[in-house]
Amino acid sequence: MSEGEAPSSARVRLLSQQVLRVNGVSRSDRGMYQCFVRNDRESAQGSAELRLGDTVPELQSNFIEQVIRPGSPISLHCSATGSPPPQFTWYLDGELLTAASVGHRYAIGQYVDQVGDVMSHVNISSTRVQDGGLYMCKATNSLGSVSHAARLNIYGSPYIRAIGPVHAVAGHDITLHCPYSGYPISAISWERRGQEIPVDLRRSLGEGGSLTISRVDPTVDAGSYVCSVRGNSGELARREVQLTVNNPPVVEPFFFPSSLQEGSRAQVSCSVSSGDLPIEFSWLKDGVPLPSSLQIEEKKGGAFFTFLVFNQVTSRHSGSYTCVASNSAASVNYTAQLLVKVAPQWVMEPQDVATLAGGTLIVHCQAQGFPQPQITWMRGHERMSSDFQPLDYADGRTVLTSNGSLVIQSVGPKDEGYYLCKATNGIGAGLSKVVSLAVNEPVKFDTPARNVTARRGESVTLSCDVHGDHPIQVYWLFNEQRIHHNNYRFSLSEVKLDTGLQSHLLIQQSDRQDSGFYICQADNMFGHAKQTTLLAVQEPPDPPVNLEVIEVGSRAVRLSWQPPFDGHSKLLGYTIQYKAFPASSHGEVTDWQHANTLNLSISAVEAGGLAMGTEQQQHTAVLTGLHPATTYHIRMLAINGIEPSAFTDPIAAKTQEEVPVGPPQSVHVETLGPDQLLVTWKPPKAELWNGDLLGYVVYWTVHGASASFGTNHTSSHTVRGVSVNQFRMTDLHKFTHYDVTVAAFNGVGIGPQSAVVTAATQEGVPEAAPQNVACSPLSSQSVKVSWSPPPANQHGGVLQGYKVIYRPVLKDNVIHVASSEVKRTSSVETYLHGLLKFTNYSVRLLAYTSVGDGVVSDPAYCSTEQDVPGPPAGLKALALTGDSILVSWLPPDQPNGIIVQYTVYVVERGQVKRSSFPVRVAPSSDTDFEVRSLVELQHYEFWVTASTIVGEGEGTRPVHQAPNSRAPARIASFSQTLRRADKSNVILQCKCVGLPIPTITWRRATEIIHGEPGSNHELSQEGTLSIHHLDKSREGNYTCMAKNLWGEDQVTYQVLVLMAPDAPTLELLHTTSRTIHLRWRATDDGGAPIQGYVLSYKRDHGNWQEVQLDADRTSHVLQSLHCGATYHAYLTAHNKVGNSRTSTIVTAVTKGGVPLLPGSSEIFSANTTSFTLHLSSWPDGGCPIVYFVVEYRFLSNSNQNWLLVDNNAPAEQLTIKDLQPATWYQLRITAHNDAGSTRAHFSFATTTITGATILPPQDLQDPSTGAQFYRDVYVMVPMVCAAIVLLSASLLGYIALRRRTTMRREGYSKPGRNLPESHSACSSSAEMDNKRNCQQVYSSSPVKPEGHHHHHNMKHIETASAEIYEMSPYATFAMAATPASRELNTATLDYTVQFKTFGHSENDSGIHQDHMPAGRSSKKHSRHVASSDGESGRQMSQQGASRMRHGGSKPHHRDKQPATESATHGDSESDTSGSPSAVSSYRVPIKPPASRSLELYRLDSSTESNETSPLSERHRTPRHYPLSSSHKTTPTGSGPGLHRGLLPPHARE
């Protein structure tokens, strides 16, 4: 951030999160810059100041072109900034203005203001005609200069200042300026030899009368020229200028020999082939004059050549030699390169070096010569050996730098030896030298620190490996104290190695006090090092300390405790157990088996912890989901990496009461008579009371009373006593439908009301889903579902009943989507039977009438209870030894609950007595059991049962087996089909038995799996095969084969890889003003059922929102959207593996647009002192108008502020009162809806006291008298344009009709009108130039009110009608150039022509007023004329775009087709809600007549929209960039099929 604001310039951008780059630093960029860093816990910031050094000048202000009269004083100002401060110079027509060159009338000066800007001025006290011309101010400092020029025009006869001779160079361009003054000037011309110079390819006239001659030819263009300046009155001024043309010299190319070596001789010559004499020669070496130290002889051979002589060249003579030839025309040069070859010479000779191991070694070897010598490094065994070999740089440690130095990183002993550096360049024998490299190794450790853990009571050995040169000394420190041998539990030992030393510290019977830091410190001659070992003697933690309740709510309890000793193993979390204590019980809870459990991670606990003092931290946690008015017993334990601690002593807490959360049930309204109703009900469910019920409140209201009377007329009566379950309603209206609800209350408050019991109007489908859908289990195969009806005003008819749609929720092992089932019922609760045991169900409801089904509710979830399980899915009995058999089995296919135990039954063949062996189920337990103490070769029968908390299930079929000491190879594992997600791991068990121990072989098809290191297959010693990073290529059958001397066996696993689903196909069905209907089609599900969809959508410049949808949905309606807005949506599907890719983004626009302009004068009516607006007649453009802003002011005072009438006026009648009679006013109305706003301006007049109308002001009347209209361009241009527009619009309508397009056609509506400004606003063109703010105005010809009237009627072309409107006077129209060739919008309105109509008076210009004060005449008139407050063309363009978008006054309405969701269900026509045990089987306005027409002069209007154009392409000119935006865009990257700015949230990162 810069100065508190985020940089937004295109020059300032982030190269990365840490680097901010500013391109082209200017004065505006200086200041303080801040960098902010944040994470979840805290934030930090840093700052830096950007200070500018020297900068080039920048102009801050300047003067403009002006026109003044002689004798007037004038002051020209310029200001600039820069560092160092710039100096100003002033020029007049290219000539420097100084105090000496101008008279006393001129004053030139400059100064520095308070902010550091340099201000300069030229003041002329009394101007003359000769003072006119082109003035220029130029600001210069050491870094550059900047200038500005503008003409000063002075009224008077033309005058030309003296012009000196002008010199030109042959072949170059020359511009001749004519320094004239005087104003106005009608023409500037140039003559030569008495003839006016024609304009051709070589001669052109520029701005200010300058003459430019291209490629000057001395034989043609040299000579005298005459500049002539003519004034408007015919005065003529002439001035002659002489042009001379000079020829520049031409230097012939030269070069040096390429084979020169030191000691050679050389010479070079420089000659000029053409150019004017005399010619001066000079020589440069490397851009400077020849140094005398080089002893180079320079000789001249004549007037047009020279040469250099080198008696003996050396390396110092190498360089660039430039010959410069100059004459009166120009100075030219030519450069040649001299390169002298030199043998290599040492710059830095290599030397012997020694360094420490691990560091970076640099051996310098640098030579010079020409060509540049090549440096080569070699390595040998001896200094004088001849077996030097080139170095290998492939290891990355050895680098040869560009200057020849050898760099070796991480130097080690292997780098010691002799190295040869050789420098050659082909000149001479070259250079070479052998150096030696020695490496000394200080002591070091591989790792500076490590952690060691041990269980309490175990022996621990701490080791440290020291590397380095001998001798090495090692000693140990514990808690900064040296360890000696006198401690009986500590022993030290050392082992000497070639690379260093190993030291071992043995600690026997480790205890808690042995935990701490152990330091192994080593020293040798070259350094010292140490290694720190943190020993943690681990044990279980202590229980939490000081467990207490610090806050109690109705459904939550806050606990507090202090963390215990962690046993030197980081605490992983806590486990809290809590159980409701029945009110009738006494004492404490003894059975914690079925208690509720809350597991807390240590991070979650520390995040909510409270600091208590400086030594102890207080942790807190909240138990939620409790039931009000219930006593709970609570205990907890701590968990570390070793094992959990013991539980704390239980504590008790009772929750507070809460208002009932359930409504009374079975509410029934019975008619007792014409004015009485009897309401009966049943109490809510006891578990929903949340305390002791005190009674009920009965509410009733007339059905539809809120809509009829505008307020809610609800009556109520309180019934005391929980046992009272009826109430008689008396004195009611006859034949009236009532809405009746009942609510229960306790000591805290009133609970929710029951479902509304009401009559129905004309029938339809319900518009809302049933509410308060609740589901609770009754047994392992039945659940109870209850709900409340939809809101009474959304029944849509007489409810015939409800459909309960239910299906099981997908589990991980489910591979097929379960179909939904449907049950019909007329009650608000029902019972579902025949369900799957211990299965979570999704339940949705819809209400239906005789017409059809209503909206489906959101799903409610509940699970059936546990039941006894089915038999295990498989069983094997395998001979293990001569007296034991291994029994293995698979879990049941239908566990029907959580399996807590398996029971293995054994019976000897032919015997009745059986033995059983319970096997408890633990998270890591195997499904096998070894039965021992059997008799060899005796046959036994085995079967297994599974048990849940409900009881023991059915057993498997018995299998027979006999113990055998010669046990054949058998596999206890079972063949299975395994489905795993992509990129996951899978473990294939192959547990084998047999004597001797079998050999195990894994195959995939015919390929043997070896489980080599680095592959995706891993084999354990037990024969388990682990497959890592599954993908489709690893799908298939995996077979485990076991074999020994007595037999063989095999099992096969079929591994299926599940993938994420493919992106669904999303499409748009239709839109309304508030909804968007989308439909999609699912593609490949990846092998796993699709579990649901996520529909993401956003409004233009808005944030993404998500809607979770069920898997069986294929369409969705986005509701409560903004009218006339653009929305974008995409869809993702997900299954158990993950999310699919996003679908293609669908863009839709809700129907409607900004408010239109009123099509007639029906919304206005005026009398003597008031003006009435009928705002309800304002066309809304398809989106309801939310409010109006109404303002007005006097028309005669355009500088007056607007007077606000109402800034939140509804679409109703509005009256502006207390106005002055017979007065013109200006009215501004802004209509707002969801799509934007439209502003219109009108002028209106109140009537006189007698009710007569008044004429428009003089500046609104047409001043034309009786001129022939066909000679008036202001009349003919509008008429011709109107005819063209009508012709083009008719052709467009005919083409559109022929194509039968269903899209809304664009039409023309009346744009706003502008009044011409007074012609006296700009008295002269000179004043207009000086003020810079006078705009082009259009004036109309005067027409007398009593003269002839020209009425021009034009048809108003719209989409569905062609209503004839009268063209209003003083109206400015914007008409498309080619309306039939392209669509009109904000991008095309820039290419329009404007024309105006002109005011006229009518004898019948009033309108009859129905309501008049007593004594007033019934003929009161009002006249309304449009005026202008200077609205910009940008607003007019927006208005035109709005009109073209919304078309005419009769928009097309598309029939709305109700979208219903259908699915195939098995319907059940029976209702079993009465008994849980019952068995079910499933299956355009027109002007009113008036005595006088109301004239409405609309001046201009603008349309402001909050929505960007939905067009895919939009031409943007500087006039059409968006004025404002309600949102700012993200960013942006792009995902698949995403447009810029539409990136989904998960794809931005």
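The values are calculated or read from the model by the stated rules, or taken from the named source; none is laboratory data. Remember, it's a predicted structure, so these values are computed and weren't measured experimentally. Quick reminder, even Gly has a Cβ in these numbers, built from the backbone with ideal geometry, and neighbours come from all protein chains shown. Each accessible area value is taken on the protein alone, full model and side chains, heavy atoms only, with ligands, DNA and RNA left out. Shrake-Rupley method; radii C 1.70, N 1.55, O 1.52, S 1.80 Å.
Compute the Cα gyration tensor for the range 114-191, then decide on rounded, prolate or oblate, letting a ≥ b ≥ c be the square roots of its eigenvalues: rounded whenever a/c is under 1.5, prolate when a/b is larger than b/c in the other cases, and oblate in all that remain. Numbers along the way, then the final one.
Values: a/c = 2.87, a/b = 1.19, b/c = 2.40.
Note, shape of the range 114-191 comes out oblate.
What whole-number distance in Å separates the alpha-carbon centres of the range 437-456 and the range 966-1030?
40 Å
Going highest first, how would you order 941-949, 1090-1098 by mean Cβ packing within 10 Å?
Highest-to-lowest ranking by the protection proxy: 941-949, 1090-1098.
Would you mind listing how long the range 982-1064 runs along its three principal axes, going by Cα atoms, in whole Å with the largest first?
57, 23, 20
Quick one: how many Å² of Phe581 are accessible to a 1.4 Å probe, rounded to 10?
Rounded to the nearest 10, the figure is 30 Å².
Quick one: which of 543-551, 876-884 comes out on top by average Cβ neighbours within 10 Å, and what's the full order, highest first?
876-884, 543-551
Looking at the P(r) of the range 431-573, how many percent of alpha-carbon pairs lie beyond 21 Å?
Of all Cα-Cα pairs in the range 431-573, 58 percent lie more than 21 Å apart.
Would you kindly give the portion of the calculated P(r) for the range 194-345 that falls above 17 Å, as a percent of all Cα pairs?
I get 71 percent for the Cα pairs in the range 194-345 exceeding 17 Å.
So for each of 498-504, 1059-1065 I average, over its residues, the number of other beta carbons within 10 Å; can you give me the resulting order with the highest mean first?
Packing proxy ranking, top to bottom: 1059-1065, 498-504.
Can you give me the C-alpha center-to-center distance between the range 44-93 and the range 176-196, rounded to a whole angstrom?
33 Å
What is the Rg over Rh value, at two decimals, for the range 438-506, using alpha-carbon atoms and the Kirkwood definition of Rh? If you can, show how the numbers build up before the last one.
Working: Rg = 13.9 Å, Rh = 13.8 Å.
A ratio of 1.01.
For the range 1018-1079, what does the alpha-carbon gyration tensor say about shape, rounded, prolate or oblate, given a ≥ b ≥ c as the root eigenvalues, a/c under 1.5 as rounded, and a/b over b/c as prolate?
Because a/c hits 1.5 or more and a/b exceeds b/c, the range 1018-1079 counts as prolate.
Taking the Cα centre of the range 109-245 as the origin, how large is its charge dipole in debye, to the nearest 20, when only Lys and Arg (+1) and Asp and Glu (-1) carry charge on their Cβ atoms?
Here the range 109-245 has a charge dipole of around 260 debye.
At q = 0.16, 0.23 Å⁻¹, what log₁₀ I(q)/I(0) does the range 311-418 have when each alpha carbon counts as one equal point scatterer in the Debye sum?
Normalising to I(0) and taking log10 leaves -0.84, -1.31.
How big is D for the range 24-164, in µm² s⁻¹ as a whole number, if Stokes-Einstein is applied with the Kirkwood radius of its Cα pairs at 10 °C and 1.306 mPa s? Don't jump to the answer; show the numbers that get you there.
Working: Rh = 17.8 Å.
For these conditions, the coefficient is 89 µm²/s.
Apply the Karplus curve 6.51 cos²θ - 1.76 cosθ + 1.60, θ = phi - 60°, to the phi angles in the range 1192-1198 and return the couplings in whole Hz, x for Gly and Pro.
8, 6, 5, 5, 6, 10, 6
Once phi is turned into ³J(HN,Hα) by the Karplus curve 6.51 cos²θ - 1.76 cosθ + 1.60 with θ = phi - 60°, what whole-Hz value does each residue of the range 715-728 show in order, with x for glycine and proline?
Using θ = phi - 60°, the values come out as 9, 8, 8, 9, 10, 7, x, 6, 7, 6, 10, 8, 8, 9 Hz.
Translational diffusion coefficient, Stokes-Einstein: compute it for the range 642-687 using the Kirkwood radius over C-alpha pairs as Rh, at 4 °C and 1.567 mPa s, and state it as an integer in µm² s⁻¹.
My calculation gives 82 µm²/s for D.
Length gain on complete extension for the stretch Gln60 to Val495, per 0.36 nm per residue less the alpha carbon to alpha carbon distance?
Separation in residues times 0.36 nm, less the Cα-Cα distance, equals 148.4 nm.
Using 0.36 nm per residue of separation minus the Cα-Cα distance, give me the extension gain between Asp200 and Thr714 in nm, one decimal.
Full extension of this stretch gives 175.5 nm more.
In what order, largest first, do His1010, His717, His1232 sit by accessible area if the probe radius is 1.4 Å?
His1010, His717, His1232
For the range 807-946, what are the per-bin percents of Cα-Cα distances with bins 5 Å wide, up to the bin holding the maximum?
For the range 807-946, the binned pair fractions read 2, 8, 14, 15, 12, 10, 8, 7, 7, 6, 4, 3, 2, 1, 1, 0 percent.
Using label points projected 7 Å from each Cα along Cα→Cβ, tell me how many nm separate Thr1052 and Val452, to one decimal.
Taking the two extended label points, one gets 5.4 nm.
Using only the Cα atoms of the range 57-120, build the gyration tensor, take square roots of its eigenvalues as a ≥ b ≥ c, and label the shape rounded, prolate or oblate: rounded if a/c is under 1.5, else prolate if a/b is larger than b/c, else oblate.
Prolate.
Glu196 accessible area, nearest 10 Å², 1.4 Å probe?
Counting only protein heavy atoms, Glu196 exposes about 130 Å² to solvent.
I'd like the distance separating the alpha-carbon centroids of the range 487-505 and the range 232-286, in whole Å.
The range 487-505 and the range 232-286 have Cα centres separated by 89 Å.
Could you give log10 I(q)/I(0) at q = 0.16 Å⁻¹ for the range 824-874, computed by the Debye formula over C-alpha point scatterers of equal weight, without solvent?
Relative scattering, expressed as log10 I(q)/I(0), comes to -0.64.
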